[in-house]
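None of the figures in this text is laboratory data; all of them are computed from the coordinates on show. What you are looking at is a predicted structure, and each value in this text was computed from that prediction instead of being measured. Methodologically, a virtual Cβ is constructed for each residue, glycine included, from the backbone with ideal geometry; neighbour enumeration extends over all protein chains shown.
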There are 2 protein chains.
Amino acid sequence: MIPIKRLAIIGAGPSSLSLMRAFRIAQLNGAKIPEIVCFEKQNDWGGLWNYTWRTGTDEYGDTVHGSMYHNLWTNNPIELVEYSDYTLIEHFGKSIPSFVPRAVMFDYIIGRANKSDIRKFIKFNMRVESVVYVSHKFTLVVWDKKDNIMFTEVFDYLVVASGRFSVPYIPEYQGIITFPGRVLHSHDFRNAEQFKGMDILIIGSGLSAEDIAIQCWKYGSKSVTIIYRHKPIGHNWPDGIKEVHYLENIEGNIASFRDGSQQTADVIIFCTGYLFYFPFLENTLKYDYTQQRCPGLYKGTVFQNNHKLFYIGMTTRLYPLLIFNLQAWFVRDVIMKNLPLPSQEYIDKDISHWLSKRAKLNFPSDRLAYETDYVNDLLLLLSGYPKFNFDLLCQYRLVLREHKRRNILTFRDQSYKSAVTGTVSPCRLVKWVDAKEESLESFLDSKFV
Amino acid sequence: MIPIKRLAIIGAGPSSLSLMRAFRIAQLNGAKIPEIVCFEKQNDWGGLWNYTWRTGTDEYGDTVHGSMYHNLWTNNPIELVEYSDYTLIEHFGKSIPSFVPRAVMFDYIIGRANKSDIRKFIKFNMRVESVVYVSHKFTLVVWDKKDNIMFTEVFDYLVVASGRFSVPYIPEYQGIITFPGRVLHSHDFRNAEQFKGMDILIIGSGLSAEDIAIQCWKYGSKSVTIIYRHKPIGHNWPDGIKEVHYLENIEGNIASFRDGSQQTADVIIFCTGYLFYFPFLENTLKYDYTQQRCPGLYKGTVFQNNHKLFYIGMTTRLYPLLIFNLQAWFVRDVIMKNLPLPSQEYIDKDISHWLSKRAKLNFPSDRLAYETDYVNDLLLLLSGYPKFNFDLLCQYRLVLREHKRRNILTFRDQSYKSAVTGTVSPCRLVKWVDAKEESLESFLDSKFV
């Protein structure tokens, strides 16, 4: 008898839940699956969607994973991340608006996980401290946070699904050491109400900067100044939000910008993104997307130098949950040998091909084309993947950009059509700009038209 | 030829600096010392005294060690922590007041380290990820943060000097998840100016609570409410600071206390202390002071079950730098076999004796007696330790308590006499309550009388 192989997964966020579900479906269809052990450092599943009020460290002294704020709403229409094997209608029992509060999104992700009977695979409050690859096996040293003990386990396969938006990148600026106000990263932003009446500086021009700016505006900050390094976001901002170029220095509570203008600040919020953070992996197993070099990931998942090592949920921005799910299916099929890997030569060439494609990305439209190609590439490989209208989702990226450009305060009030069921989402009577505090219940019970 | 033994030290704070200095002095006196490698996760030495503006994680994604705030002043007279082998006069070239800003204290600690030529032993930006004890050796897995690589080294001895006040303990309170204000631990408190005009809740009644309360008051917070669990601090607080018993719950931004009273809050500051945090040590090497059980530490340093493992800087509150230094001398002498360890039976008995002594500590005066006994016990063992008047320091603990009781706003303006040189400290013309922003230079150049 062939001994059952052992698979370790680090993290129980959306990517990992997709992977465990994929294995579970195979099992229900009669296939033999590996023994799965998922180590999750939080006390519950859902990754970033598992909201915490904590910042810094948790009750065990471990770093807090969560980067979400209490009143966060999705910034993509939920149709863009709808699972084609678990539709919105199936979960909610009715059509819901396209943009939803955090709790609603969490409920949808968890609803699918619950249906899949995969919680039994997960060990909570366990942090993987180190991984070495010896004698064709992965040895994991794990810290059991609750019992405060360290233990070791050995696995045949390892999937790193520890997330991409949890360890902040915080650069240094001249004068920040004597800034008398508050300094935080968006990772530690928990609600906008506490910034009411204050002058806010936001460093960065990505999605966090955009969203935290309008959150602070919405909850009554006195002024919001977004500081970009290369290009402004460029929306038609409401009164009270402005964009300026480049932070030269801070003296006392006054920030000076490249054009010589200045702004008094009570708070500086770094919206400067997140690190690829794998100190626990031995050097030969580490992946670094930002370096744009080898070792890379074949099809965004299989580690170039070790085909028993996989990363999921690392390489996407525009189709988050969708790509996680495609990657999960792909990884499952590779591990179960339903999808044989090509030769190392082919793999190396394919990785180089995608790396050089990526090196040429200059504009948002380039990135959209790149990620769209990537999804189509995965879909070609995954013949049995549940059907959905991907072309529609590509269009939604453009539509969304246009809606934001038209009005950053109303883009969340728009309606989209499901790419799985064709249902057109209702609109909510209360507009986003007027919605202040929403629970799962209050949102689902509110009036849709 | 006997091969040179290798000693690893985790951390380069005051305890560690004392230990390296002790070895260096032995070496200068002609003794053969082990090869010392000190792994420090920060980019400079000084431990907590190495101030950082950062909170949460550093530029590499590692947890921030620092717990100090910009305008922190010592809460002990500096005479209490004066090194008898490196006097205040020797360092500063003149008498200075007894209570000093953070930067002055840091300068003193570092001045002694600089004189000892020990920086060469330290590897900065290195975090120890795991330690196992195999074949009579300690194998350390270390993360080199700057180059983002993991490496392994083997040592004969290990000294854990990673600190006691760096990983916060943060309990959960009912309603905190929907509190619309700011929540932080004293570990992340960087200055009081940012809390001007706000209603502050402080949870806890230890030294952090006491000091952060008067800092917030001094820099203009609207109100400060200190919430104690067992006993109030009991000072004569100035108007604007009050103490209340037990936080029952928080609803919105209103906190309710045991006596039924309520307080609106903008900010909640947890002054709830720090964790003993050794997830990187394998289970058989872990020490836990809070459990008050074996395995314990012989003379507060030698690990009961493994006499090649030492902890320093873990077991004291009242004579911090002094005890660190005594422990350092003791550990050096044990490692160099100048102080032979007694039998295991004696060690076990001695540890039990001190554990049962400690279990009976009920009042502050008990703790003072306990720690005073401990210092005297160490002094008896260390015959060559540089002379100082320890009885005077014991009195200072009582005097300090009395000064605080009389006036928490003026205790830092009092004068003490050096227990090493007998010099009486001058007083400063500007009183602590009026001193807002102090650098090393501005303090040393100011008028003393």
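Summary table
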| item | result |
| --- | --- |
| Chain A - mean residue ellipticity at 222 nm from DSSP helices (-39,500 (n - 2.57) per run, n ≥ 4, rounded to 500) | -8500 deg cm²/dmol |
| Neighbour-count order for B:Ile176, B:Ile335, fewest beta carbons within 10 angstrom listed first | B:Ile176, B:Ile335 |
| Among A:Leu326, A:Leu380, A:Leu355, residue whose mean-square fluctuation peaks in a GNM of chain A (springs only between Cα atoms under 10 Å) | A:Leu380 |
| Theoretical gain in end-to-end length, B:Glu90 to B:Asp350 [0.36 nm per residue, Cα-Cα removed] | 89.8 nm |
| From phi via Karplus (6.51, -1.76, 1.60), per-residue ³J(HN,Hα) for region B:61-75 in Hz, x at Gly/Pro | x, 7, 4, 6, 7, x, 10, 9, 10, 3, 9, 5, 10, 4, 9 |
| Residue exposure sequence - B:His307, B:His185, B:His403 - by fewest surrounding Cβ within 10 Å | B:His307, B:His403, B:His185 |
| Aspartates and glutamates with Cα under 19 Å of B:Lys417, excluding same-chain neighbours fewer than 8 positions away | B:Glu79, B:Glu82, B:Asp85, B:Glu90, B:Asp391, B:Glu402 |
| Shielding by partners - mean other protein chain Cβ count within 10 Å, residues of B:45-55 | 2 |
| Cross-link pairs beyond the 24 Å C-alpha cut-off, checked among A:Lys123/A:Lys308; B:Lys308/B:Lys349; A:Lys222/A:Lys436 | none |
| Spin-label pair B:Ser383/B:Thr284, simplified geometry with 7 Å Cα→Cβ offset, distance in nm | 3.6 |
| Assigned charges on the beta-carbon of Lys, Arg, Asp, Glu; region A:176-270 dipole about Cα centre (debye) | 100 |
| Other-chain or far-sequence residues with amide H under 5 Å of B:Val420's (modelled H) | B:Asn389 |
| Greater than 28 Å apart at Cα, pairs in B:Lys231/B:Lys360; B:Lys146/B:Lys196; A:Lys41/B:Lys286; A:Lys41/B:Lys146 | B:Lys146/B:Lys196 |
| Built amide H within the under 5 Å cut-off of A:Val244, gap 5+ | A:Ile226, A:Ile227, A:Tyr228 |
| Backbone HN-Hα couplings from phi across region A:274-282 [Karplus 6.51/-1.76/1.60, Hz, Gly and Pro as x] | 10, 8, 6, 10, 10, x, 6, 8, 5 |
| Region B:245-304 and region A:1-25: distance between their alpha carbon centers, rounded to Å | 36 |
| 3J(HN,Hα) from dihedral phi, region B:330-347, Karplus parametrisation 6.51/-1.76/1.60, rounded to Hz, x for glycine, proline | 4, 4, 4, 5, 5, 4, 8, 6, 7, 10, x, 6, x, 5, 4, 4, 5, 4 |
| Label-point separation in nm, B:Val399 to A:Asp434, each point 7 Å along Cα→Cβ | 6.9 |
| Cβ-based charge dipole, chain B, positive-most Cα from B:Pro101, B:Ile149, B:Tyr173 | B:Pro101 |
| Scattering profile of chain A at q = 0.09, 0.10 Å⁻¹ [log10 I(q)/I(0), Debye over alpha-carbon scatterers] | -0.62, -0.77 |
| Region A:139-223, dipole about Cα centre (Lys/Arg Cβ +1, Asp/Glu Cβ -1), debye to the nearest 20 | 400 |
| Straight-distance crosslink candidates among aspartates and glutamates, where the alpha carbon sits under 18 Å from A:Lys337 and sequence neighbours closer than 8 are dropped | A:Glu35, A:Asp156 |
| Using alpha-carbon coordinates, inclination of helix B:14-28 to the longest axis of chain B, degrees | 30 |
| Packing-based exposure ordering (other Cβ within 10 Å, fewest first) of A:Ile33, A:Ile4 | A:Ile4, A:Ile33 |
| Dipole moment magnitude, nearest 20 debye, the protein assembly as shown about Cα centre, only Lys, Arg, Asp, Glu C-beta charged | 680 |
| Gaussian network model of chain A, springs between alpha carbon atoms under 10 Å - residue of A:Ser166, A:Ser208, A:Ser256 with greatest fluctuation | A:Ser256 |
| Label zone at A:Ile4, where the point sits 7 Å out along the Cα-to-Cβ direction: region A:121-155 residues whose backbone N lies under 13 Å | A:121 |
| Number of partner chain Cβ atoms within 10 Å, mean per residue of A:375-381 | 0 |
| Shape category assigned to region B:90-177 from the gyration tensor of Cα positions, a/c cut at 1.5 | oblate |
| Exercise: per-residue mean of other protein chain Cβ atoms within 10 Å, A:178-185 | 6 |
| Other-chain or far-sequence residues with amide H under 5 Å of A:Phe270's (modelled H) | A:Leu184, A:His185, A:Ser186, A:Ile203 |
| 18 Å Cα-Cα reach of A:Lys218 towards aspartates and glutamates, excluding residues that sit fewer than 8 places from it in its own chain | A:Glu193, A:Asp199, A:Glu210, A:Asp239, A:Glu243, A:Asp266, A:Asp413, A:Asp434, A:Glu437, A:Glu438 |
| Rounded to whole Å, sorted largest first: equivalent-ellipsoid semi-axes of region B:138-268, Cα gyration tensor | 37, 16, 16 |
| Dimensions in Å of the protein assembly as shown - Rg and Dmax from alpha carbons | 29.4, 88 |
| Distance in nm between pseudo-label sites at B:Arg119 and B:Thr178 (7 Å out along the Cβ direction from Cα) | 5.5 |
